[in-house]
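Data first, discussion second: the structure below is written as structure tokens.
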Amino acid sequence: MNLTAENHRIPLSDGNSIPLLGLGTYADPQKTPKGSCLEAVKIAIDAGYRHIDGAFVYFNEHEVGQAIREKIAEGKIKREDIFYCGKLWNTCHPPELVRPTLEKTLKILQLDYVDLYIIELPMAFKPGDALYPRDENGKFIYHETDLCATWEAMEACKDAGLAKSIGVSNFNRRQLEMIMNKPGLKYKPVSNQVECHPYFTQPKLLEFCRQHDIVIVGYSPLGTSRDESWVNVSSPPLLKDPLLNAIGKKYNKTAAQIALRFNIQRGVVVIPKSFNPQRIRENFQIFDFSLTEKEMKEIEALNKNVRYVELLM
Ligand code: NAP
């Protein structure tokens, strides 16, 4: 694939397209100073990013929206240049909650539409104010919903123009098939956002999604922030990997840039999170070199089939 910074979008099955590189915006709200996300998104847009990945449960969507609106007001970008992905949280799966939840996100962002709206996880929690509802024993309170009915409500959001495209996240093959085989399906998911990097390369899911024109968006493409409260840190740090570092030396690139390039070169969208100006810019410098077929194969062979993000819920 001949990728350049200017030409780094890939088509989606509904006729839209998605930039291969986006800025992830999840940062622990307890440990992250207010305004960091706002600054990061503005720096990213200046550096050339056009795709921003966010979610209501990241608690900084208002900062993402403000950054986008400020850059539009400055004349740096137009709304249609930006690709924003928002997510439907687990407590909002009942079909009647889907549109109001997206409308809430749009109000927070102060935007008229999102470019992509995805079901964040395939299982539902009890609806209500608690985003992580637990019983008296500390166990999550789940909620019976029909994912296909949730999907129909997502389709209605697309028809209403509130989301240009709709997709899913953390879905396995069975869950994708359930949606795709739904009687009366109007739109299939354009994308599936899942963990994907050289230590968790997702060969089977990637092949399945390729066959069905579903783009994989790889989260934690640098191996996460290694925050022990939600990351399995027994798997070694990705960016210390000797092969990624050795290949990086050859191209005068960092292990992070090699890990990102590996994915985009095989058509996997990457959404590295950084709130550090230098690393935001570094992560964008992946369109001016390419890995050989042999290097791609060697990196593929690093797969350990172990997740950093175990999603034990
Ligand atoms: P990640 O992007 O793999 O890694 C982020 C960590 O790497 C941060 O600690 C960041 O620190 C650091 N970093 C960034 N660039 C670097 C570089 N060039 N060199 C060295 N370190 C670097 O992890 P992630 O945040 O888990 O995943 C990315 C995004 O995916 C999230 O922000 C979120 O948008 C999305 N996500 C979605 C789901 C889902 O269930 N759908 C789950 C997890 C994540 P600094 O900020 O200090 O640079």
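What nm value, rounded to one decimal, do you get for the distance between His143 and Lys107 when each label is placed 7 Å out toward the C-beta?
1.7 nm
Could you name the lysines in cross-link range of Lys126, using Cα to Cα under 30 Å and dropping any fewer than eight places away on the same chain?
The qualifying lysines are Lys31, Lys34, Lys87, Lys104, Lys107, Lys139, Lys158, Lys164, Lys182, Lys186, Lys188, Lys273.
Sketch the reach of a paramagnetic label on Glu39 as a point 7 Å from Cα along Cα-to-Cβ, and name the residues of region 274-307 whose backbone nitrogen lies under 15 Å away.
Answer for this model: 274-281.
In percent, how large is the relative contact order of the chain, given Cα pairs closer than 8 Å and 6 or more residues apart? Walk me through the numbers before you get to the answer.
Working: 539 pairs, mean separation 61.1, N = 313.
It comes to 20 percent, rounded to a whole number.
At 1.4 Å probe size, with every protein chain present, just tell me what the per residue accessible area of the chain comes to in Å².
Per residue, the chain has 45 Å² of solvent-accessible surface.
Compare Leu97, Leu302, Leu131 in a GNM of the chain, Cα atoms joined below 10 Å, and give the one with the largest fluctuation.
Leu131
Once you have a ≥ b ≥ c as the square roots of the Cα gyration tensor eigenvalues for region 72-163, tell me rounded if a/c is under 1.5, and otherwise prolate or oblate according to whether a/b is larger than b/c. Spell out each step's value before the answer.
Working: a/c = 3.01, a/b = 1.90, b/c = 1.59.
It is prolate, given that a/c is not under 1.5 and a/b is the larger ratio.
So how strong a dipole does the chain carry about its Cα centre when Lys and Arg Cβ are +1 and Asp and Glu Cβ are -1, to the nearest 20 debye?
So the magnitude is around 660 debye.
What angle, in degrees between 0 and 90 and rounded to the nearest 10, separates the Cα long axis of helix 242-251 from the longest principal axis of the Cα atoms of the chain?
70 degrees
Which one of Asn245, Asn283, Val306 has its Cα pushed farthest toward the positive end of the charge dipole of the chain, where Lys and Arg give +1 and Asp and Glu give -1 at the Cβ?
Of the listed residues, the answer is Asn245.
So for the pair Lys204, Asp135, with labels modelled 7 Å out along Cα→Cβ, what separation do we get in nm?
3.1 nm
Hey, which aspartates and glutamates would be in cross-link range of Lys204, C-alpha to C-alpha under 16 Å, not counting anything within fewer than 8 residues on its own chain?
Excluding near neighbours in sequence, the set is Glu177, Glu195, Asp213, Glu300.
What list of whole percents do you get for P(r) of the chain, with Cα-Cα distances grouped in 20 Å bins up to the one holding the largest distance?
Reading the bins upward from 0: 33, 61, 6.
Treating only the Cβ atoms of Lys and Arg (+1) and Asp and Glu (-1) as charged, compute the dipole magnitude of region 244-313 about its Cα centre; round to the nearest 20 debye.
120 debye
Between Ala130, Ala27, Ala301, where does the largest GNM mean-square fluctuation fall for the chain, given springs only between Cα atoms within less than 10 Å?
Taking springs between Cα atoms under 10 Å, the residue moving most is Ala130.
Which three lengths, in whole Å and largest first, does region 180-234 cover when its Cα atoms are put on their principal axes?
For region 180-234, the Cα extents along the three principal axes come out at 43, 21, 14 Å.
What part of the accessible area of region 1-118, given as a whole %, is carbon or sulfur when the probe is 1.4 angstrom?
Answer for region 1-118: carbon and sulfur cover 51 percent of the accessible area.
Calculate what fraction, in whole %, of the accessible area of region 227-313 sits on carbon and sulfur atoms when a 1.4 Å probe is rolled over the protein chains.
Working: 2210 of 4430 Å².
Ligands and nucleic acids excluded, carbon and sulfur reach 50 percent.
The values are calculated or read from the model by the stated rules, or taken from the named source; none is laboratory data. Values in this document were obtained by computation on a predicted structure and should not be read as measured data. Don't worry about glycine lacking a Cβ; one is built from the backbone with ideal geometry, like all the others, and counts go over all protein chains shown. The protein model used for the area step is the full one, side chains on, heavy atoms only, and it has no ligands, DNA or RNA in it. Shrake-Rupley method; radii C 1.70, N 1.55, O 1.52, S 1.80 Å.
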